[in-house]
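The values are calculated or read from the model by the stated rules, or taken from the named source; none is laboratory data. Predicted, not measured: the structure shown is a model, and the values here were computed from it. Using ideal geometry, Cβ is built from the backbone for each residue, glycine included, and neighbour counts are taken over all protein chains shown.
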């Protein structure tokens, strides 16, 4: 067995040698091409260095001599002649031969390259070696017996035809028996064997080893079989059992046209569909044989699918590799110092996705260098290292790939973003001020934001960020920005591993089936009978459900799809069964209410035709087991349409639908309560953790204060009323606003909950700290925190 | 002998229409449709054509014709496009007609509005007119 390191060396060197052949050829055309000479020099130098390190003295020696010759060429002391080219090509062949030997048996073999070395030395000293010498020299180099021995050991396992079967026997013109047998037995091998012999004779045109290698690759099986049978005959076994699956290193990988892979992927997709159909049929039969066969088909298809998927996987390094260069060029032109750090470059992604994120990545990286990282003097005065750092990170998380691009630059100036967004008319002043910083940061992703150059300069970012976002979303990904002033910015891209086949949840809504990709799926909730009626609550007009204490906004799929008018309050509460799919859209969760939850299935995503592409709530379509077509829901699209995502509010403003979104911005929402003392009070909704109703008889006393048992704890009650009374309403229950100050819950008895209104500071009449006019009435503003301190 | 063309003919409401036969991939009977909530009402749905998902457009709605006939038994005229096949739903399939090109005449000025965009002209056949559908405009929906 070869060491990993030697294997790597071999693969790399073979690649380099191929390049070297081409370079030398090209060099003959343009002998003064310094860069090419340098590249050749580097290649040989690398091989020399590595072979010295791996203790291959012969190889080191040969390359060393070649290198000496190349130095002279590079430094212009010698000019490339046909002789020198030939000499160098011979050296390349020699290197290749030694490498082949190393690959086959693990040692360099004891062939001597004295003659080649002296030829190269002569060339270096400006002498012209006699051509015949070179020719005579060349063929004797490879000891066929060694190769044969090596073959013996590897032939059974599929040694490649390249190194051993075609070329070397061919070069051996000094009377080896084996190659002759080969020629006698196999025509195709014979052709190959002949060719190199000619090529060596011609000597000045040594591109043939290359061609010949390719040829040999085409039919390695035939050649190999013949050679190995010969070996057996000659009874030269010895190391027979030593190696198992040691295919020629450079042959163990194959280049495949991506289109072929795409086609395979499509076919596998079709197969998955057919499999789904067969599984569905087999469930309907009692035929044990059929069931067994379909189960087997199921397994094989799954494995095949995984295998084909794997062929399309590529490390993200491929997309990253050009970024350091981009950063370098850009930072030089901006007069900045930036280093790039990469983590997780091995993380694998589907080829198509990789292609799709290349441009967005470049864009983001450019932005980071251009606008994110400050010039050295700014950094120095901010106490940061002069050299900025750009991190590229990639990792897998929950079936998705996360790519982070972060810098330690100046971050995004949120206030400037706000101002600019207002200036550009993307949001109103009102909206801008009420936005959280996080939301404001996302403003740079708005389409209109990017156009003016000035915006970019002051805000720090934004050239075409909307395009980046669109591109990422196109492949089913999401884009998220986190930035802190002075600390830096992180862009996080989440993308699915693959696009073509995804596990999905099948649901029914108004008689049609829809698929929901499982990546966004968190859990399923089913409410029956009494619970269905009771647990769907209304926050003003918006239905919510308490999921483990958190209010989960509910979105009714049939309403979103306009299959029926919005339900009235009573209608929502009249449902006997509520099936809820809890979904994740960016960092928000929401419950999608559907008629029925069917099952999960692997589905093949097919793109939507031009007529329906524009509908954001669909991500694609697929064919179900029974042959019908189903639409795949786009969770992000639904979340946006239903205003679950508040950053989408920014987009909606553009359409002038500002009013619709107010519910989603809790910042200036007020909970209006009636303390039953003739006044009105308002509580900032964002401070409310829960709304509860308790029975009067649940109230207990400890000393002078009233308490209730709440979630296994004792929760003190305070009243919002100035008279401190706790009075039940007609039905005997008491409305509580639960406030949590971070340590404990306090129940605030509010009398009656009237409404939730949205009102921002603007347009409010005379106001003081304590009272405002809200919804046309003078309303006392209650700070729960102060109240709670009295409890 | 005047040049001739072949047209695949069909009936949509009261109209006798034709499209050049080479644009037609196939003609199939009514298929199971999956409706697409939120799409234009011209888009009747998606159907499974031997593993390929095909969008079906209702030509009667596209042509602004009253839709009184049953919508169940609409035939599909599947048209090849660069974006994959698209199906046009029609009431009835006619023959493939070979017509003389010199019988063609563009529509009169009095034909206005959507029909003008969608109808290139007509062939004057014995006793009736074969209207030539402008496929590309017919399949282009205002977004």
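Assorted remarks:
- Residues (assigned to a loop (DSSP other than H, G, I, E, B) and surrounded by 17 or more Cβ atoms within 10 Å (Cβ to Cβ)) located in segment A:596-607: A:605
- The residue of segment A:479-516 that is nearest to the chain's Cα centre (by Cα), among those that are under 30 Å from residue A:374 (Cβ atoms) and surrounded by fewer than 18 Cβ atoms within 10 Å (Cβ to Cβ), is A:492.
- Listed here are the strands (runs of 3 or more DSSP E) enclosed by segment A:497-566 that have at least 1 residues being within 14 Å of chain B (Cβ to nearest Cβ): A:501-509, A:512-517, A:550-556.
- Just so you know, in segment A:55-110 the residues that are free of Cβ contacts under 8 Å to residues at least 24 places away in the same chain and in a helix (DSSP H, G or I) include one that is surrounded by the most Cβ atoms within 10 Å (Cβ to Cβ), and it is A:60.
- Answer residue from segment B:42-51, given it is at the interface with chain A (Cβ under 7 Å from one of its Cβ atoms) and part of a strand (DSSP E or B) and is farthest from residue A:629 (Cα to Cα) among those: B:43
- Those residues of segment A:615-641 which are under 18 Å from residue B:32 (Cα atoms), modelled with pLDDT of 85 or more and more than 10 Å from every other protein chain (Cβ to nearest Cβ), in sequence order: A:632
- So residue A:612, is it within 14 Å of chain B (Cβ to nearest Cβ), surrounded by 19 or more Cβ atoms within 10 Å (Cβ to Cβ), touching a residue at least 24 places away in the same chain (Cβ under 8 Å) and not in a strand (DSSP E or B): no
- Extreme residue, surrounded by the fewest Cβ atoms within 10 Å (Cβ to Cβ), among residues of segment A:706-726 that are modelled with pLDDT under 80 and over 17 Å from residue A:737 (Cβ atoms): A:712
- Taken over segment A:250-276, the residue count meeting the criterion of being within 14 Å of chain B (Cβ to nearest Cβ), out of contact with any strand residue (DSSP E or B) (no Cβ under 6 Å at 6 or more places or on another chain) and either buried (at least 16 other Cβ atoms within 10 Å of the Cβ) or under 30 Å from residue A:17 (Cα atoms) (or both) is 4.
- Looking across segment A:485-496, just one residue is at positive phi and in a loop (DSSP other than H, G, I, E, B), and that is A:486.
- Meets criteria (within 13 Å of chain A (Cβ to nearest Cβ), over 13 Å from the mean Cα position of the chain (by Cα) and either surrounded by 14 or more Cβ atoms within 10 Å (Cβ to Cβ) or in a loop (DSSP other than H, G, I, E, B) (or both)) for residue B:57: no
- Qualifying residue in segment B:113-127 (condition: within 30 Å of residue A:616 (Cα to Cα) and within 14 Å of chain A (Cβ to nearest Cβ)): no
- Taken over segment B:104-127, the criterion of being loosely packed, with under 15 Cβ neighbours inside 10 Å and touching a strand residue (DSSP E or B) at 6+ places or on another chain (Cβ under 6 Å) is satisfied by B:105, B:106.
- Taking segment A:617-628 as the range and being surrounded by fewer than 24 Cβ atoms within 10 Å (Cβ to Cβ) and without any contact (Cβ under 8 Å) to a residue 40 or more places away in the chain as the test, the residues that pass are A:618, A:620.
- Some residue of segment A:573-589 being in a loop (DSSP other than H, G, I, E, B), modelled with pLDDT under 85, on the phi > 0 side of the Ramachandran plot and within 14 Å of chain B (Cβ to nearest Cβ): no
- Complete set of residues in segment A:321-355 that are more than 28 Å from residue A:268 (Cβ to Cβ), in contact (Cβ under 8 Å) with a residue 24 or more places away in the chain, assigned to a helix (DSSP H, G or I) and in contact with a strand residue (DSSP E or B) (Cβ under 6 Å, 6 or more places away or on another chain): A:327, A:331
- Considering segment A:113-132, the residues that are in a loop (DSSP other than H, G, I, E, B) and farther than 22 Å from residue A:9 by Cα include one that is modelled with the highest pLDDT, namely A:125.
- Verdict on residue B:130 being modelled with pLDDT of 85 or more, within 14 Å of chain A (Cβ to nearest Cβ) and assigned to a strand (DSSP E or B): no
Yes or no, residue by residue, for (1) assigned to a loop (DSSP other than H, G, I, E, B); (2) more than 22 Å from residue B:132 (Cα to Cα); (3) at the interface with another protein chain (Cβ under 10 Å from one of its Cβ atoms):
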site	(1), (2), (3)
B:19	no, no, no
B:25	no, no, no
B:30	yes, yes, no
B:40	yes, yes, yes
B:53	no, yes, yes
B:66	yes, no, no
B:76	no, no, no
B:89	no, no, no
B:94	no, no, no
